[in-house]
Amino acid sequence: MLRSERLLNELDRLGLAENTIVMLWGDHGWNLGEHTLWCKHCCFETSMHAPLIIRGPGVPGGKRTRGLTEFIDIYPSLCEVAGLPLPDHLQGRSFVPLMKDPEQAWKDAAIGRFGNGDTIRTDRYRFTEYTRSGGNVLARMLYDHEVDPQEDTNIAGQGESQEVVKRLSEQLREGMGKK
C-alpha cells in the first residue's frame, strides 16, 4: 500500500477526512534527456507542468481536468475549500469551480518564468520570450501542442505563425505587467 493511500485511509478511520484538506503538488517537472536537457530549469512544458492532487470536503474525487491553473491559484482555492474568506490582497483565482466541473471553460492562459525566459501556456500553444535585462528580445519559441505535444519544432520564426507570436507576446507582456 502506498504511503499516500495509508494516510488517506487513516484520515477516514479516524473520522478526520470530512474536515481535512490534503494537497499534493510538485514544484515543476524534470527533463531526463528531452530537448537534450538533464535539469528542471527551463521553459519547456516538461519543466513548467506540475502535478496537483487535492482531496478535501466538498471536492469530488477521481476527476482530471485540462484546465489551466497556476501556483498563485492554490491559496485562494485552499481558502474556498476550507470555507475561509478570501483576503483582498489575493492575485490568484480559486479553481474550486474547475474541480467541481473539470470540463468547463477556464483560464485562457497560464504564465511562468525561469531566468530570462517568460512563458505563456494556452490550451493549444506554449510561447516563450527570452529577453535581456533592458527588455530586448533575444529569442522566441512557439510550440503548437495540437501537432507537436513534445515541443520538438519551434515554429516562432515561420511566417504563418507570426500572428500567433504577436498575440501571445502581447498577452504574455500584459500578464507579466510589462505593458
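The values are calculated or read from the model by the stated rules, or taken from the named source; none is laboratory data. Note that the coordinates shown come from a computational prediction; the quantities given were computed from them, not determined experimentally. Heads up, the Cβs are rebuilt from the backbone with ideal geometry, glycines too, and the neighbour counts pull from every protein chain shown.
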- Can you name the number of the only condition in (1) surrounded by 13 or more Cβ atoms within 10 Å (Cβ to Cβ); (2) at pLDDT below 80 that residue 39 fails? (1)
- Query: When you go through 78, 32 one by one, which is the residue that is outside the structural domain of residue 154 (by TED's automatic domain parsing), at pLDDT below 85 and not β-branched (Val, Ile, Thr)?
  - Reply: 32
- Task: Please determine, by comparing only the residues of the range 52-62 that are modelled with pLDDT of 85 or more and not aliphatic (A, V, I, L, M), which one is nearest to residue 149 (Cα to Cα).
- Result: 55
- Item | Checking residue 126 against (1) more than 15 Å from the chain's Cα centre (by Cα); (2) within 18 Å of residue 31 (Cα to Cα); (3) among the charged types (D, E, K, R), the condition it does not meet | (1)
- Query: Taking the range 137-153 on its own, how many of its residues are in contact with a Cys (Cβ under 8 Å, 6 or more places away or on another chain) and closer than 12 Å to residue 124 by Cα?
  - Reply: 0
- The number of residues in the range 141-163 that are surrounded by 10 or more Cβ atoms within 10 Å (Cβ to Cβ) and over 20 Å from the mean Cα position of the chain (by Cα) is 8
- Note on the range 164-179: residues β-branched (Val, Ile, Thr) and either closer than 25 Å to residue 33 by Cβ or under 18 Å from the mean Cα position of the chain (by Cα) (or both) are none
- Task: Working only within the range 109-122, note down all residues that are under 14 Å from the mean Cα position of the chain (by Cα) and surrounded by 15 or more Cβ atoms within 10 Å (Cβ to Cβ).
- Result: 109, 110, 111, 112, 114, 118, 119, 120, 121, 122
- Item | Scope the range 73-123; condition in a loop (DSSP other than H, G, I, E, B), in contact (Cβ under 8 Å) with a residue 60 or more places away in the chain and under 18 Å from residue 27 (Cα atoms); matching residues | 115
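Taking the stated definitions as given, is residue 67 closer than 30 Å to residue 144 by Cα and touching a Pro at 6+ places or on another chain (Cβ under 6 Å)?
Here the answer is no, as residue 67 does not meet what is asked.
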